């Protein structure tokens, strides 16, 4: 999904980028290539997100995992 220079990212795309980065599944370089954004833009996106939420939030995913099976922790 390559974006034009003046286009705005949809909220879900922003959340997916942040989620993939914070979960450790992708690096800034990988996300940069996948979304056609500069590494600096991705770092700013993540930085803005971190400043809005508590530091504990880093360990949690933004979007619910697809097809994720419930665990004992999820039911409590």
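Some notes on this structure:
- Residues located in segment 37-52, provided they are surrounded by 13 or more Cβ atoms within 10 Å (Cβ to Cβ) and outside any helix (DSSP H, G or I): 37
- Pairs are defined by a Cβ separation below 6 Å, a sequence spacing of at least 6 or placement on different chains, a first member in segment 1-24 that is buried (at least 17 other Cβ atoms within 10 Å of the Cβ), and a second member that is part of a loop (DSSP other than H, G, I, E, B) and at pLDDT 95 or above; the pairs so defined are 20/26.
The values are calculated or read from the model by the stated rules, or taken from the named source; none is laboratory data. A quick note: this is a predicted structure, and the numbers were derived from the prediction, not measured. Cβ coordinates were reconstructed from backbone atoms using ideal geometry, including for glycine residues, and neighbour counts include every protein chain displayed.
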